[in-house]
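S.K.: Once you've had a glance at the structure underneath, I'll fire off some questions.
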Amino acid sequence: MDIADEPAAEPRKRGRPKVSSDEDKRAHIVEVAGRVFVKYGYAGSTTAVVASEAGVSKQTLYKLFQSKEELFAAVVGAHRRLMLDLPRPAEDISIAASLERIFMIDMDEDKDADRTGFLQLVFREAAQFPELVDILQREGMLASRQHLADWLSERRAEGRLTLDDPASGARMLMDMILGGMGPPEGRARAWPDRAQLLAHLRRCIAIFAAGVGAA
């Protein structure tokens with residue numbers, strides 16, 4: 001995807017207005033920055049590298065993101081949806097099947113590689129850079145956990161599971177599933193093949209579902 005730094009003006013057309021060029025550039029820069037952070041780590045990544053790989057000037061990047069921290073926050077926010085597919089409507093399937101969809105354990109391999117790489121980055125970099133903890137919590141884990149707790153609360157209200165503390169249940173699920181997806185030692189060391197990983201994730205979900213008496 002090529003994003004020109006200064007696109008040529010085009011005649012205005014009728015119909016649905018186009019997304020602004022700044023929004024296009026912002027989304028593109030965030031996508032590229034995610035790959036750069038995963039490849040080089042937070043310390044080894046610079047805004048200059050991101051700008052170069054995104055095909056924009058540093059001035060354009062700083063117009064949209066005032067600092068590397070702000071850019072990292074945008075990447076975390078963009079990846080939140082790769083962690084949990086929430087919010088989502090109620091489904092006429094089992095709780096376990098819904099949780100498999102929420103955590104997207106059958107995600108295609110390219111997206112799964114992106115998600116795994118970013119998870120490993122998060123686990124690795126958070127300890128080294130304390131200033132990132134607030135970003136990771138605010139833009140990623142806390143927002144995702146609240147969405148999951150809300151979903152569990154809704155299913156409890158429907159009488160489909162028994163759970164005294166949905167927030168604790170959400171934390172438990174995320175610790176099990178995301179920890180299995182992106183362990184600190186790396187997926188290659190933790191899981192000999194994808195089949196064993198998927199079996200582990202489904203086992204975690206099944207144990208949780210049984211524990212809350214899920215329908």
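S.K.: Which value in deg cm²/dmol, rounded to the nearest 500, describes the helix-derived mean residue ellipticity at 222 nm for the chain, given -39,500 (n - 2.57) per DSSP H run of n ≥ 4 and division by the residue count?
M.R.: Numbers: 11 runs with 142 residues, N = 215.
Using -39500 (n - 2.57) per qualifying helix, the result is -21000 deg cm²/dmol.
S.K.: Taking θ as phi - 60°, what are the ³J(HN,Hα) couplings along the range 143-159 by the Karplus curve (6.51, -1.76, 1.60), each to the nearest whole Hz, with x for Gly and Pro?
M.R.: Coupling constants for the range 143-159: 5, 5, 5, 5, 4, 5, 4, 4, 5, 5, 4, 5, 5, 5, 4, 7, x Hz.
S.K.: Let me ask another. Rounded to a whole number, what % of the accessible area of the range 59-215 do carbon and sulfur atoms account for, probe 1.4 Å? Provide the component values of the computation, followed by the final result.
M.R.: Numbers: 4100 of 7820 Å².
Result for the range 59-215: 52 percent of the exposed heavy-atom area is carbon or sulfur.
S.K.: Sticking with this one: Please report the net charge: other residues with Cβ closer than 14 Å to the Cβ of residue 91, K and R +1, D and E -1.
M.R.: Details: positive: 88, 101, 155, 160; negative: 85, 92, 100, 154, 158.
Net of charged neighbours comes to -1.
S.K.: Turning to a different aspect of this structure: Quick one: which residues, 5 or more positions from residue 104 or on another chain, have an amide H under 5 Å from its amide H? H modelled 1.01 Å from N in the peptide plane, none for Pro or chain starts.
M.R.: Amide H neighbours of residue 104: 85.
S.K.: Taking only protein heavy atoms and a 1.4 Å probe, what accessible area per residue, in Å², does the range 109-215 have with all protein chains in place? Display every interim value, and only then the final one.
M.R.: Values: 5530 Å² over 107 residues.
Value returned for the range 109-215: 52 Å² of accessible area per residue.
S.K.: Moving to a separate point now. Taking all protein chains together and a probe of 1.4 Å, list 104, 181 from the most accessible to the least accessible.
M.R.: On the way: 104 40, 181 0 Å².
The residues order as 104, 181, largest area first.
S.K.: Turning to a different aspect of this structure: What angle, in degrees between 0 and 90 and rounded to the nearest 10, separates the Cα long axis of helix 21-44 from the longest principal axis of the Cα atoms of the chain?
M.R.: Tilt relative to the chain: about 70 degrees.
S.K.: Here's something else I'd like to know. Which one is right for this structure if Cα extents along the principal axes in Å is calculated from it: [x] 59, 46, 31; [y] 52, 48, 28; [z] 53, 34, 32?
M.R.: This structure yields the entry labelled [x].
The values are calculated or read from the model by the stated rules, or taken from the named source; none is laboratory data. As the structure is a prediction and not an experimental result, all values here were calculated from the model. A quick note on method: Cβ atoms are made from the backbone with ideal geometry, for glycine too, and the neighbour counts reach across all protein chains shown. The protein model used for the area step is the full one, side chains on, heavy atoms only, and it has no ligands, DNA or RNA in it. Shrake-Rupley method; radii C 1.70, N 1.55, O 1.52, S 1.80 Å.
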